[in-house]
Amino acid sequence: MRKLALSDEILLSIDKPSRYTGGEYNSYNKPWDSVTLHAAFCFPDVYEIATANLGMQIIYEQFNRRPDALCDRVYSPWLDLDKIMRERKIPLFAVESQQKVRDFDLLLITLQYEMCYTNVLGILDLSGIPLHASDRTEEDPIVIGGGTCTYNPEPMADFFDVFYMGESETQYDRVMDILIAAKNNGQRRITTLEQLAEVPGLYVPQFYEARYHEDGTLASFTPVNPHGKTRIRKEIVADMSADLPYPKHPIVPFTRGMMDRATLEVMRGCIRGCRFCQAGMIYRPVRNRSLEFLKKTAVEMLESSGYEEINLSSLSTSDYSEFAELLDFLLPYCEEHKINIGIPSLRIDAFSLDVMDKIQDIKKTSLTFAPEAGSQRLRDVINKGLTEEEILEGARQAFTGGWNKVKLYFMLGQPLETEEDVKAIPVLADKIARVYYETVPKEQRQGKVSIQSSTSFFVTKPFTPFQWAPMCREEEFTEKAMLVKETFREQLNRKSLVYHYHAENQTELEGLFARGDRRVGRAIEEAYRRGCIYDAWGEYLKYDVWLEVLNDLGLSFEFYNFRERPIDELFPWDFIDIGVTKEFLAREWQRAKEGKVTPNCREQCSGCGARCFGGGVCFEGQN
Amino acid sequence: MKVRIKFSKQGSLRFIGHLDVMRYFQKLNRRAALDLTYTKGFSPHQEMSFAAPLGLGLTSDGEYADIEFESLPGSSEELVKRMNEVSVPELQVIDAVLLPDQAKNAMSILAGADYELSFREGYEPEDPEGFFKALEDYLSRETIPVTKNTKTGTQDVDLKVQIREWRRLPGNRLFFKVDTGSRSNLKPEFIMECFYESLGREYDPLTFEVNRTEMYGEIDRKLVPLYAYGRRF
Ligand code: SF4
Ligand code: SF4
């Protein structure tokens, strides 16, 4: 029987102890002594959130399928256990082997959202690993960061030995080879880091130096170790039909997680360059998985896990080239086996309404549109290729098809937004309600139509055409939300319209981390030392502490968030090469100002630069 | 067709709550590709019920679930094997029997259960002989009236009536056969708590590791193991 790291006394006194005891079905549980290389993969949040992450499952598979390595899992202990572990000085452990994190050779930490940064420090601290990469010794694991936020790793640069830029499938085998050889030779840590620095896509922050101008902007960013590459190009899988690691036998958590279902990734990237959207740029170009792979994998995942639901995941699933064929296969299979299909990110058109009609069966849940902006003008500015006619027509078809609940998602505070654009949000919602009353005859109406609109606040992200744009201040956000609220009251169908907005002061911090530089790291460390953790969980965010820290360290939102950055400013993330060029982004920023729409990759290539990877949509129809 | 399965829940699975065990079985049954009866209606689910939830922290070798099948997968032995192939080592199916058509479900007939208690590491009594002598004295009383906290208030009960059997086992362990179910329910930890109180000592709920070993229904005032209500197939 596995020996647990925590005593029964502790486990029985905390919430959901099974978060920490492992042993889930389909987990590998490799014996510790059966392999040379011990890797621990950490998602720095609570178990239920972490287990939903597909990237983690892919890496877990990639490592464990090798006979000479094992990959275990680490999560942030929830606050109840966090407190106990600090009080009693219990070191953090991985859930399968229950071994101390510090005993592993490699600690992989995924950064999926900026607000997890203090949790990362919590993980290192509880593990007894020095927070600063430069303070680590031969006894410490090599700490590698990956995930979406690494596209601007600089705020976290001090805390990581290495960042892996891009998709894990291409280089981790090489990383494992290097680490195994290093372990066998008893090689020194610095030599290993130098070897890793030469692997494509890998970035070793301590081999670089950042210099700043007097006004605080970045003056230069250069390698100070000959092994550091000047530019780091992101890694991607150009050919998605290769034999790639995939969680065909996914771990089935005992407790209900965020994702109680199998995840089938149909493609990577997105053809639609919405100008606010980082994912749309950093994952370029779009690459489909093959239909055959998807069919086979769907069945294998469902049979091996027993999940009652499968989720077709991607940034924009409707754009998958063989979507209809995939559904022709999945719909009957899932009906026969009583399995639900979840398809987030569907564009609303006749085809997807038909699909939803089939997968939602009798109960028509609400329909979701994400126009992101209320006015056509602003939708053109942000390049949301969605016209008002398309939205209203989609709604009309949905109402005819029996739906009477619509959810609308908007963003407030996008660059170049005017008062008119803000007021257009309620007007659009009202127009949709009018469509309902026009299309559905009185005798067929089942209750009132319900149009729910929510707004979130825009955060400027690196590697988007808006990376130069200023962000709104908290007061401006609030004013805008108030204006939306007031305008809703003036609408004809106001009784059918509901409006939500989240007053989050997270937004400003998110902006700071997203476009911050190495100096922001000091604030993260100091905030952590003053007790900040689980910032992503609104109710635990200690915003006042953060403000104090920024003030004490002389860092300001003015500099990082509120100014429009000159077009030739050197950004902290410019040394990363995502394929998409800075020139293209600048062109898009200019077109945004002119209100010009740019066609999507399938309509017309705009020469963004991502063609350099030699695959995907850029080469479609050319062979 | 209703099949009653008996299963164990050991090791780190003692930290999995009852709801999660139910969810676990829904998926296990799918993995084993069993031909089960599903409820009609919008979101069909398997027709399955459990005899009694096991408290968090307890282990068991005698859990029961009743599952409704459309068709049986070969013999009892084959079913057990098929389920265990797709289960974790700490939860294993021990037995499967086919119930008569009119059989009531395990939960409603549940009347008794067996438990084994062993001292958790670090909680052993200094003087085991003295401990067991005192326990013997306590449990040999004519009546053992105690007051129990219930959801609605308090209730006076006689432990003597609810304990059907007890004995000391080798290795300073204890065996209890007690009332369990909706009519009369007694948890072995509660016996120990009352005993410690009678000695004027405080009871630490972590003192014992508790393993449930069997569950029973009752026919003619005799306890009958739940598996004996059906037959192997
Ligand atoms: S459709 Fe737009 S917002 Fe959605 S992923 Fe693609 S680029 Fe981003
Ligand atoms: S190179 Fe052209 S087709 Fe390829 S991702 Fe860029 S815009 Fe799209």
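Here is how the numbers come out for the structure above:
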quantity	calculated
Selected residue (only one of A:CYS334, A:CYS277 is away from chain B (no Cβ under 14 Å) and of a type outside the set (A, V, I, L, M))	A:CYS277
Selection status of A:LYS183, of a type in the set (Lys, Arg) and under 26 Å from the mean Cα position of the chain (by Cα)	no
Residues of the stretch B:4-40 satisfying the condition of being more than 9 Å from chain A (Cβ to nearest Cβ) and more than 20 Å from the chain's Cα centre (by Cα)	B:LEU34, B:ASP35, B:LEU36, B:THR37, B:THR39, B:LYS40
Residue check for B:TYR123: aromatic (Phe, Trp, Tyr) and either within 14 Å of chain A (Cβ to nearest Cβ) or open to solvent by 40 Å² or more (accessible area, probe 1.4 Å) (or both)	yes
Yes/no for A:ASP319 being of a type outside the set (Ser, Thr, Tyr), away from chain B (no Cβ under 14 Å), surrounded by fewer than 17 Cβ atoms within 10 Å (Cβ to Cβ) and within 16 Å of ligand 1 (Cβ to nearest atom)	no
Among the residues listed as A:GLY607, A:GLY616, the single one being within 16 Å of ligand 2 (Cβ to nearest atom), touching a Pro at 6+ places or on another chain (Cβ under 7 Å), farther than 28 Å from A:PRO155 by Cα and not β-branched (Val, Ile, Thr)	A:GLY616
Residue that is most open to solvent (accessible area, probe 1.4 Å), among those in the stretch B:68-92 that are within 14 Å of chain A (Cβ to nearest Cβ) and either touching a strand residue (DSSP E or B) at 6+ places or on another chain (Cβ under 6 Å) or among the aliphatic types (A, V, I, L, M) (or both)	B:GLN92
Pair list, Cβ under 6 Å, 6 or more apart: the stretch A:365-387 residue under 17 Å from A:ASP349 (Cβ atoms) and within 16 Å of ligand 2 (Cβ to nearest atom), other residue in a loop (DSSP other than H, G, I, E, B) and not polar (S, T, N, Q)	A:GLY385/A:ARG272
Test: residue in the stretch A:8-18 that is facing chain B (nearest Cβ under 9 Å) and among the small types (Gly, Ala, Ser)	yes
Given (1) open to solvent by 30 Å² or more (accessible area, probe 1.4 Å); (2) more than 14 Å from chain B (Cβ to nearest Cβ), index of the condition A:GLN62 fails	(1)
Any hit, the stretch A:585-597, residues being more than 14 Å from every other protein chain (Cβ to nearest Cβ), of a type in the set (Gly, Ala, Ser) and within 12 Å of ligand 2 (Cβ to nearest atom)	no
Candidates B:ALA52, B:ALA113 - the one that is in contact with a helix residue (DSSP H, G or I) (Cβ under 8 Å, 6 or more places away or on another chain), touching a residue at least 24 places away in the same chain (Cβ under 8 Å) and among the small types (Gly, Ala, Ser)	B:ALA52
Subset of the stretch A:225-245 (residues that are charged (D, E, K, R) and within 19 Å of A:ARG65 (Cα to Cα))	A:ASP243
From A:GLY595, A:GLY621, A:GLY554, residue being open to solvent by less than 40 Å² (accessible area, probe 1.4 Å), away from ligand 1 (no atom under 16 Å from the Cβ) and over 25 Å from the mean Cα position of the chain (by Cα)	A:GLY595
Every pair of residues 6+ apart whose Cβ atoms lie under 9 Å, when the first sits in the stretch A:140-152 and is on the phi > 0 side of the Ramachandran plot while the second is part of a loop (DSSP other than H, G, I, E, B) and of a type in the set (Ser, Thr, Tyr)	A:GLY147/A:TYR113
Failed item, numbered, when A:LEU81 is tested on (1) away from chain B (no Cβ under 14 Å); (2) at pLDDT 95 or above	(1)
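The values are calculated or read from the model by the stated rules, or taken from the named source; none is laboratory data. Because the structure is predicted, anything quoted here is derived from the model rather than measured. Positions of Cβ are generated from backbone atoms using ideal geometry, with glycine treated the same way; all protein chains shown enter the neighbour counts. Keep in mind that these areas ignore ligands, DNA and RNA; they rest on the heavy atoms of the full protein, side chains included. Shrake-Rupley method; radii C 1.70, N 1.55, O 1.52, S 1.80 Å.
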